[in-house]
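Let me begin by presenting the structure, written as structure tokens, before commenting on it.
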Amino acid sequence: MWTWFHKLASPPHFYRMAGLLRPWFFWPAVILTVIGTYGGLVLAPPDYQMGDGFRIIYVHVPSAYLSTTIYGLMAVAAAVGLIWRIKLAHAVAASAAPIGASFTALALGTGMLWGKPMWGAYWAWDPRLTSELILLFIYFGYMSLRASFEDVNKADRASAVLAIVGVINLPIIHYSVIWWSSLHQGPSIKKLDAPSITGDMLWPLLIMILAFTLFFAAILLYRVKAEVLDREQNSRWVRDLVSGEV
Amino acid sequence: MADFLAMGGYAEFVWSSFGLTAIVMVFNVIAARRRLRVSLERISTRVAHQVRTAPLQQANGKEAIES
């Protein structure tokens, strides 16, 4: 088990595996996105209150879910890198940030497109909206902090601290609709409870959440390859790799 | 078909949401590919440069190591 783990965490092995695994995440993600989009836009019945406007949830909920899940993964990876000094963990954290930022921006964008017809305004300084906007700024802060260091090891350590501190924002986002009176509705899918939406509407949403997650995994693997190369640029295997490509 | 495109009067909001999603996904693919390409190019120029200057460093011996 430990030898297997060490082999996986060894950079050249990981680099090879990431390249091999990526299509197995990417293509299922593409296929499931097509199925989920068709299910959400065509097969699901219109909502009795919100008509066809509710279909925005098929892209809004998965992107909002990814925005916080990716942050959680990034913070855990950063903590692992900081505590056990594992370069690969730092590489994962650094790679997750731009993807997380893009899905946070998408969650905000699709949320605004929901807000205009449903609440009458694109934006309101509502707890859920504000805490999600702060999440976007934390991602930006993390990325610019990294960019401000020449030395990748220093960037890893400093940005890891920021990522860990920023975790405070995650429960605030999650519970914002419960703690404060919010425009934003409560969750439609609860872990320990029956979902409050009908099956015809639910399955395309679950498919879309799975599709977005697989898409994230594929992009993450691609980006980690580049991060691993940067950290290992003086090692033998990277030299052999690039001389093979010149 | 026209009914479907009209989205019960919510056309602009629904289609913009899905359009925005497509843009973010395509952007992610392009940005990730570009990121890997830039790293590979940067490292290969560096390695090529070192290969070219390696004999020179051997000739200069000690000075090259110190600098």
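None of the figures in this text is laboratory data; all of them are computed from the coordinates on show. Just so it is clear, the model here is predicted, and its values are computed rather than measured. Reconstructed Cβ throughout: ideal geometry from the backbone, glycine too, with neighbour counts over all protein chains shown.
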Inset, instruction - Can you check how the C-alpha radius of gyration of segment A:70-209 compares to 2.2 N^0.38 Å, as a plain ratio? - result: 1.21
Legend entry - Relative contact order (%) - criterion: Cα under 8 Å, at least six apart; region: chain A: 33 percent
Inset, instruction - Would you mind checking the radius of gyration and Dmax of segment A:132-246 based on alpha-carbon positions, in Å? - result: 20.4, 60
Legend entry - For B:2-10, mean number of other protein chain Cβ atoms within 10 Å: 4
Legend entry - Nitroxide proxy distance, nm - points 7 Å out along Cα→Cβ at A:Ser235 and A:His13: 1.1 nm
Legend entry - Spin-label pair A:Tyr38/A:Trp180, simplified geometry with 7 Å Cα→Cβ offset, distance in nm: 4.3 nm
Legend entry - A:Trp119 versus A:Leu20: modelled label distance in nm, points set 7 Å from Cα along the beta carbon direction: 4.8 nm
Legend entry - Percent of Cα pairs exceeding the 31 Å cut-off, where the set is the protein assembly as shown: 40 percent
